[in-house]
Amino acid sequence: MKEIKKNKKPMVYYYAIVVVVLSLLNLFAIPYLKQNKIEEVDYGTFMKLTEQKQIDEVQIKQNEILFTKKEDANKEEKQLYKTGLMKDDQLTQRLYDSGAEFKSTIQEKPNIWLLFLIEWILPMIIFYTLGQLMFRSLLKKRGGGDSMMFNLGKSNARIYIKATDGIKFKDVAGEDEAKESLMEIVTYLHDPSAYQTIGAKMPKGILLVGPPGTGKTMLAKAVAGESNVPFFSISGSEFVEMFVGLGASKVRDLFKQAKEKAPCIVFIDEIDAIGGKRSGKIGGNDEREQTLNQLLTEMDGFETNNGVVILAATNRPDSLDQALLRPGRFDRRVPVELPDLKGREEILKVHANKVKTEENIDYSIIARMASGASGAELANIVNEAALRAVRDHRSSVSQLDLEESIETVFAGYQKKNAILTDKEKLTVAYHETGHALLAALQSHSAPVQKITIIPRTSGALGYTMQVEEDNHNLYTKEELLNKIATFTAGRAAEEVRFGEVTTGASNDIEQATRIARAMITRYGMSDTFDMVAMETLQNEYLGGDTTLACSQATAAEIDQKVIELVSTQHKKAVQILTEHRDQLDALSMYLYEKETITGEEFMAILNKDKTLE
Ligand code: ADP
Ligand code: ZN
């Protein structure tokens, strides 16, 4: 896409140019003009010229004679000659006889005017005009805060002109619902009049909502690309300026530009940066609120069918001010969710197309392994795989590269020089085997794909990768309980084997607690609270914080329930692992030796030991 910056250069820039030009003039041109073009001749020549009555004007100075020739009389610029003064009594008489004209000064006159013009008049004119321009631009910003800096109120919107070579819908893999919904905008931008004839109103603003990296920006660009219209893109945070009012003037400026270029698309990324709920408090965030108010005014101000479509993206939809979501503003919401299994596979393929790959790659396996990955993460996985291939001096990406890079993206690089003591390594082996064993021994758990005890840069000392067979949207109570048991099993294995506990389980503890809490407060899976919501979810796309919505007494009861729930599962895990102590030992030792084992190896050993029993 061709990106053209519309920003004007600051006034200071022009001043600098003027100063440079003037100094150059002073250095070179003016001395040249100032210098009198006088040619020196010898006295003999002068006498000869006098005799031939060739002298036109003459000035006798203290020690030299200046003169012009008659043959130059009609010329525009007379050549000036000089000669030394000799002791010559008849000089005056002879000159008089020759018809020369005596002058008190002979000078080249036009240069003075030129000099005056260049040295004085020109700079004055230039500075005056620049001053005027500056003054006017300051006046214009009066509404937008008095600032002594130039050009602050201009919007930074970038224009992508004629996005024909840009992103199209086909570049955005998956997200079929979002594309379908946006297709209507494309049709509209192709021919707004069809809508006007019927009287159908196109939504003015469309909100793309979803977790980070799911392709919201891409979709907005694709709409512009498909409709072949200019694309203005600005991030919400760019509106928020240091000076109160500047953001508002940027909004004004952006909409002015957009209206001139209609039909076009205005894309506001991270709209929550300006569109957050207004506090209504005195001394709240004035600048942000003014900017938001200006945005609302602008959106109300333009008619529905003028061909400007505003797309905005956010991953915090619930923090947006209600006024922004009213009909006539951002009244259409297009969810852009994390891709499902099929979507992940498609995204992987789109990005794998841009690198050289081996032929027999099974993308569905990679997609399954990368459960929960966003489009951006999938793009990153493909790139990491390509980097890995280069590091190994191979010319194409292999299946293994892709599988390995999933771990790189989620857990960081392998820590080559992390030094674990033997005891630590054994503990990690038991911990991970505990997770894997519980997952394998319980029904309704995702199968184990891989176990590794190679430390990663993310700080993980090892991990167990479980892979769901297909999309999982609903979880039963039993499945959730099994998940909690699996999380606690790492610690349980340490207890069963060593009779002591380590800090290695902190992440497991967090996860188990989160699930247990959600079961009780949000999923209605406790006997006591029935279907009453005790917590509400916020920021569902960014980790999902929750806020309690119950009395102190209930809160205490909830805590009690959560503890009970987790500890029941923990006990269950300890029990299962004790019952399968032989397999736990065998598998842990095998993992300790090999450091990384696949799901198949794991299952083979597990089943062999089973048959031995
Ligand atoms: P968002 O705006 O939702 O945070 P972006 O549109 O900026 O996400 O996406 C970031 C990158 O992730 C894109 O440049 C692209 O490489 C990749 N990506 C995300 N979603 C998709 C998708 N559906 N298809 C292909 N690539 C995607
Ligand atoms: Zn663990």
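Estimated from helices alone, the mean residue ellipticity of the chain at 222 nm is -15500 deg cm²/dmol (sum of -39500 (n - 2.57) over DSSP H runs with n ≥ 4, per residue).
Helix 477-498 and the longest principal axis of the C-alpha atoms of the chain enclose an angle of approximately 80°. Straightening the chain between residue 16 and residue 187 buys 56.7 nm, computed as 0.36 nm per residue apart minus the Cα-Cα spacing. Distance between the modelled labels on residue 564 and residue 75, one decimal in nanometres: 11.7 nm (7 Å Cα→Cβ projection).
Using per-residue counts of other Cβ atoms within 10 Å, averaged over each peptide, order 263-270, 333-340, 380-387, 596-603 from highest down. Write out the running numbers ahead of the final one.
On the way: 263-270: 23.9, 333-340: 19.2, 380-387: 21.6, 596-603: 17.1.
Packing proxy ranking, top to bottom: 263-270, 380-387, 333-340, 596-603.
Per-residue extension of 0.36 nm, minus the Cα-Cα distance of residue 359 and residue 325, leaves a gain of 7.4 nm for this segment. Compared with the dominant Cα axis of the chain, that is its longest principal axis, helix 599-612 is turned about 10°. Spacing of the modelled spin labels on residue 337 and residue 503, each 7 Å from Cα toward Cβ, amounts to 3.9 nm. Between helix 122-140 and the chain there is an angle of about 30 degrees, using the helix long axis and the longest principal axis of the Cα atoms. When a 1.4 Å probe is rolled over the protein heavy atoms, the share of accessible surface on segment 204-244 that falls to carbon and sulfur comes to 60 percent. If R0 is taken as 45 Å, the Cβ-Cβ distance between residue 121 and residue 48 corresponds to a FRET efficiency of 0.55. Other residues within the sphere of radius under 11 Å centred on the Cβ of residue 275, judged by their own Cβ, net out at +1 (K and R +1, D and E -1).
Could you give the length gained on full extension between residue 92 and residue 593, defined as 0.36 nm per residue of separation minus the Cα-Cα distance, in nm? Let's see the in-between values first.
Details: separation 501, 0.36 × 501 = 180.36 nm, distance 12.21 nm.
Value of the extension gain: 168.2 nm.
As a fraction of the 1.4 Å probe accessible area of segment 41-130, surface on carbon and sulfur atoms comes out at 56 percent.
For segment 254-365, what does the accessible surface come to per residue with a 1.4 Å probe? Please give it in Å².
Details: 5280 Å² over 112 residues.
For segment 254-365, the solvent-accessible area averages 47 Å² per residue.
Using a 1.4 angstrom probe on heavy atoms only, work out the carbon and sulfur share of the accessible area of segment 530-584 in %. C and S atoms contribute 53 percent here. Considering only 550, 188, 538, and ranking their Cα positions along the charge dipole of the chain that arises from unit charges at the beta-carbon of Lys, Arg, Asp and Glu, the one farthest toward the positive end is 188. Placing +1 on the Cβ of every Lys and Arg and -1 on the Cβ of every Asp and Glu, with no other charges, gives segment 517-594 a dipole of roughly 100 debye about its Cα centre. Considering only beta bridges that DSSP places wholly inside the chain, some 50 percent are antiparallel. Here the Karplus relation 6.51 cos²θ - 1.76 cosθ + 1.60, evaluated at θ = phi - 60°, turns the backbone of segment 381-390 into coupling constants of 4, 4, 5, 4, 4, 5, 4, 5, 4, 5 Hz, with x for every Gly and Pro.
Taking every protein chain into account, the accessible area of segment 462-578 amounts to 55 square angstrom per residue (probe 1.4 Å). Relative protection proxy for 45-52, 345-352, from highest mean packing down: 345-352, 45-52 (other beta-carbon atoms within 10 angstrom).
The values are calculated or read from the model by the stated rules, or taken from the named source; none is laboratory data. Keep in mind it's a predicted model, so treat the numbers as computed, not measured. Backbone-built Cβ (ideal geometry, glycine too); neighbour counts: all protein chains shown. SASA here: full protein model, heavy atoms, side chains in, ligands and nucleic acids out. Shrake-Rupley method; radii C 1.70, N 1.55, O 1.52, S 1.80 Å.
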